[in-house]
Amino acid sequence: MQIIKDKQIINDNWSYVADDAELKNGDISVSLARWKKDKQQLLQSNGKVGVRIGPADAVEDISADLKDIQLIELDFPAFADGRIFSHAWLLRGRYNYQGEIRATGHFMPDQVFYLSRVGVNAFSLEKTEDLPVALSTLNDFTVNYQKSIR
């Protein structure tokens, strides 16, 4: 699988582990609920750890743990739910998170530019063939009304 990260199409070496699945080796991400439940075990794993956050989750719940989390996945259950934009802004602006923030789930390629403005630096699209189009949208605008979070 490939993603866009830092304005390049790259191979993705992360895998998401569902709440009811056994933890595995390598770079994995888990839900916020799983992070809260299995945090100590995850911190002792041999790979990097990421947390997937949904629109209804509170970013504040992981603010004290951000130093231990290398990836935050912001999951769009529907492209019309804008709370994910606020989560990204809070992570970068309020909590000064420097790791990877990745949009995943149901978002549209033409939302990529706006997501990048609030701090998202990686994008996992549902269709790999949409990656070049989404990448090109990062250069859609040369003039902005306000400055970016990054």
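Out of the total accessible area of the chain (probe 1.4 Å, heavy atoms of protein only), what percent is carbon and sulfur? That share works out to 49 percent.
Which of the aspartates and glutamates could a cross-linker bridge to residue 37, judged by Cα under 13 Å and excluding same-chain residues fewer than eight apart? Candidates past the 8-residue exclusion: 19, 20, 61.
Sequence gap at least 6, Cα distance under 8 Å: using those rules, report the relative contact order of the range 2-137 to the nearest whole percent. Relative contact order of the range 2-137: 24 percent. Distances between placed amide hydrogens fall under 5 Å for residue 52 paired with 30, 31, 32, 73, all partners being 5 or more residues away or on another chain. Highest mean first, the peptides 11-17, 70-76 sorted by other C-beta atoms within 10 Å per residue fall in the order 70-76, 11-17.
Computed over the chain, the range of Cα coordinates on each principal axis works out to 46, 33, 24 Å, biggest value leading. Is the C-alpha gyration tensor of the range 1-90 telling us rounded, prolate or oblate? Criteria: a/c under 1.5 is rounded; beyond that, a/b larger than b/c is prolate, otherwise oblate. Oblate is the answer for the range 1-90, as a/c is 1.5 or above yet b/c matches or exceeds a/b.
Rounded to the nearest 5, what % of DSSP beta bridges with both residues in the range 1-97 are antiparallel? DSSP beta bridges in the range 1-97 are roughly 30 percent antiparallel.
Counting only DSSP H runs of at least 4 residues, each contributing -39500 (n - 2.57), and dividing by the residue count of the chain, the helix-based mean residue ellipticity at 222 nm comes to -5500 deg cm²/dmol.
The angle separating the long axis of helix 32-43 from the principal Cα axis of greatest extent in the chain is about 60 degrees.
Rolling a 1.4 angstrom probe over the protein heavy atoms with all chains in place gives the range 2-137 an accessible area of 49 Å² per residue.
Projecting the Cα positions of 42, 97, 112 onto the charge dipole of the range 2-137 (unit charges on Cβ atoms of Lys, Arg, Asp and Glu, taken about the Cα centre) puts 97 furthest along the positive direction.
Rounded to the nearest 20 debye, the dipole magnitude of the chain is 540 debye, with +1 charges on Lys and Arg beta carbons, -1 on Asp and Glu beta carbons, and the Cα centre as origin.
The values are calculated or read from the model by the stated rules, or taken from the named source; none is laboratory data. Small disclaimer: the values here were computed from a predicted structure and weren't measured. Counting neighbours? That spans all protein chains shown, and the Cβs are built from the backbone with ideal geometry, glycine included. Remember, those area values only see protein heavy atoms, side chains included, never the ligands or the DNA or RNA. Shrake-Rupley method; radii C 1.70, N 1.55, O 1.52, S 1.80 Å.
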